[in-house]
Number of protein chains: 2
Amino acid sequence: MPQRGRPRGFDREEALRSAMEVFWSQGYDNASLADLTRAMGINAPSLYATFGGKETLFQEAVKLYVRTEGSGIWEQVETAPTARAAIKHVLHATAEAFTRGATPRGCMIVLAAPQMQGANSQVCDALKAHRQANGCLLERRLRRAVEEGELPASSDCTAIANYYVTLQHGMSIQARDGASRETLQAIADCAMASWNALTSCSA
Amino acid sequence: MPQRGRPRGFDREEALRSAMEVFWSQGYDNASLADLTRAMGINAPSLYATFGGKETLFQEAVKLYVRTEGSGIWEQVETAPTARAAIKHVLHATAEAFTRGATPRGCMIVLAAPQMQGANSQVCDALKAHRQANGCLLERRLRRAVEEGELPASSDCTAIANYYVTLQHGMSIQARDGASRETLQAIADCAMASWNALTSCSA
DNA sequence: TGATTTATGTAGTGGTCATTACATAAACAA
DNA sequence: TTGTTTATGTAATGACCACTACATAAATCA
């Protein structure tokens with residue numbers, strides 16, 4: 001059956017994407033409903049009828065971010081031929097994504113509510129969960145590399161995963177501070193320089 | 001000549017320290033004047049008479065933070081016998097300072113206003129300047145190490161400094177997310193593992 | 001046509017924000 | 001004492017916050 005009442009006068013996906021960019025650049029608390037409705041091209045009642053409220057809109061924006069912006073960074077971790085290639089791709093894709101020009105610099109998951117003390121604790125918790133999920137993803141990939149013989153059994157997969165994900169978080173700060181793509185690529189190269197030392201048996 | 005009118009009824013330094021901890025844990029925008037005055041044990045007019053306003057109070061709090069909390073991390077960069085020892089100390093002192101228990105986790109300079117889009121641009125600019133000053137400090141120390149023969153002339157001091165300061169920024173996110181001191185120490189060790197590769201002539 | 005359903009625009013709601021006017025209190029100077 | 005200076009507490013300011021009541025518009029259904 002087709003839709004009943006008056007049809008929506010705007011594109012839900014477009015509006016959500018606009019909201020995402022506001023949250024991405026300004027953070028959750030600093031993004032006011034006036035900012036959001038202006039960017040989305042709608043009035044507050046339409047926002048509430050369509051998305052429920054500021055918090056649920058943000059949660060949807062996070063999902064959209066992970067699906068569209070984050071995928072280019074993390075999607076190849078499982079499929080990359082080696083753990084080394086996987087992590088190298090994560091860091092270089094990060095350098096590229098964080099300096100794209102058309103979108104805000106740095107990662108929304110890292111920058112949107114880093115204080116963990118905002119008015120809305122559910123927002124902080126959701127972002128923290130996403131941050132930690134990326135670390136777990138790397139750690140699983142490293143463990144698989146141990147099983148497959150790429151890395152020695154003595155490798156500290158937890159420490160290595162934490163190390164690379166920490167650097168990736170720091171790249172958000174650098175990007176927001178204006179670091180160029182070349183600068184971020186050089187940082188990624190420096191981080192990869194520790195690979196052999198981290199994955200040798202002497203560790 | 002002694003003070004003229006009615007003497008202040010509270011300790012200026014103590015109040016400033018309390019304000020600093022509020023900004024540190026909640027960030028600039030999320031720290032309301034009600035939060036600040038409650039923590040400082042004074043009323044708003046005393047805050048304004050003594051510190052000028054929220055922004056100037058914050059700027060003073062930043063100076064206090066750099067002088068007291070940040071000094072343990074960065075003060076030995078110049079005096080350390082080698083650049084390697086300097087950076088190793090920075091990372092391990094960071095792991096210790098960010099998990100002290102009595103103070104908020106992570107770095108105020110990184111976490112207090114990372115969006116760079118808040119209502120007050122002077123606050124963002126001041127924090128950014130402090131972040132970049134740390135990178136410059138490391139870079140100068142590395143250049144000195146080249147001059148002194150500790151590092152080869154081919155070393156990319158800018159890249160190495162950016163790399164370590166980026167990791168140090170990421171440690172603020174990890175600390176705020178609850179990473180233990182041991183976890184941060186392990187991350188620091190991983191970062192130091194790249195030292196030989198970064199400073200060999202093959203780079 | 002008229003009834004129903006959904007979306008929209010206007011115009012508010014109470015609450016919190018940073019900031020301050022004003023009267024009073026507590027010190028010193030004359 | 002009386003005046004001067006600085007600090008304090010109460011209470012208010014207008015601005016902005018997230019959110020919503022309500023009347024109206026635009027579609028389908030009977």
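The orientation-averaged projection of the convex hull spanning the C-alpha atoms of the range A:109-176 amounts to 5.1 square nanometres. Taking chain B as a Gaussian network of alpha-carbon nodes connected by springs under 10 Å, the highest mean-square fluctuation of the residues B:Ala191, B:Ala133, B:Ala83 belongs to B:Ala133.
Rg over Rh for the range A:1-52 works out to 1.04, both radii taken from alpha-carbon positions and Rh defined as the Kirkwood radius.
Could you work out, residue by residue across B:21-28, how many beta carbons of other chains sit within 10 Å of that residue's beta carbon, and then give the average as an integer? It would help to have the intermediate numbers written out before the result.
Numbers: counts 0, 1, 1, 2, 3, 4, 9, 1.
Taking the mean over all residues of the peptide, I get 3.
Each listed q (0.15 Å⁻¹) maps to a log10 I(q)/I(0) for chain B, found by the Debye formula over equal Cα scatterers with no solvent: -0.93. Averaged over peptide A:131-141, the number of partner chain Cβ atoms lying within 10 Å of each residue's Cβ comes to 1.
Projected onto planes of every orientation and averaged, the convex hull of the alpha-carbon atoms in the range B:29-77 covers 4.0 nm². If only the Cβ of Lys and Arg carry +1 and only the Cβ of Asp and Glu carry -1, the dipole of the range B:105-147 around its Cα centre is close to 180 debye. Considering only B:Leu36, B:Leu137, B:Leu184, the mean-square fluctuation computed in a Gaussian network model of chain B, springs between alpha carbons under 10 angstrom, is largest for B:Leu137. Legend: mean number of C-beta atoms from other chains within 10 angstrom of residue C-beta atoms, peptide B:171-184, equals 5. When both the range A:140-157 and the range B:20-89 are represented by their alpha-carbon centers, they are found 42 Å apart. Between the residues A:Asn134, B:Gln115, B:Cys136, the greatest Cα displacement towards the positive end of the dipole of the protein assembly as shown, with unit charges on the Cβ of Lys, Arg, Asp and Glu, is found for B:Gln115.
Does the range B:89-142 come out rounded, prolate or oblate by the C-alpha gyration tensor, with a ≥ b ≥ c the root eigenvalues, rounded set by a/c under 1.5 and, if not, prolate when a/b is larger than b/c and oblate if not? Oblate, because a/c is 1.5 or more while a/b does not exceed b/c.
Label the range A:161-203 by shape, choosing from rounded, prolate and oblate, from the square roots a ≥ b ≥ c of the eigenvalues of the Cα gyration tensor; if a/c is under 1.5 it is rounded, and otherwise prolate applies when a/b is larger than b/c, oblate when it is not.
Numbers: a/c = 5.42, a/b = 2.10, b/c = 2.58.
Oblate, because a/c is 1.5 or more while a/b does not exceed b/c.
Rounded to two decimals, the Cα radius of gyration of the protein assembly as shown over 2.2 N^0.38 Å is 1.06.
In plain terms, the chain from B:Ala129 to B:Arg12 could stretch by 39.5 nm, reckoned as 0.36 nm per residue minus the Cα-Cα distance. Taking a straight line from the alpha carbon of A:Lys88, these lysines sit under 29 Å away, with near neighbours fewer than eight places off in the same chain left out: A:Lys63, A:Lys128, B:Lys88, B:Lys128.
Charged side chains reduced to their Cβ positions (Lys and Arg at +1, Asp and Glu at -1) give the protein assembly as shown a dipole of some 840 debye around its Cα centre. What base-10 log of the normalised intensity I(q)/I(0) is obtained for the range B:17-112 from the Debye formula, alpha carbons as equal point scatterers, at q = 0.12, 0.19, 0.20, 0.25 Å⁻¹? Taken in order of the listed q values, log10 I(q)/I(0) reads -0.44, -0.86, -0.92, -1.24.
Rule-based calculations on the coordinates, nothing more; no lab input. Everything numeric in this text was worked out from a predicted model, so none of it was measured. All Cβ positions, even for glycine, are placed from backbone atoms using ideal geometry, and neighbour counts span all protein chains on display.
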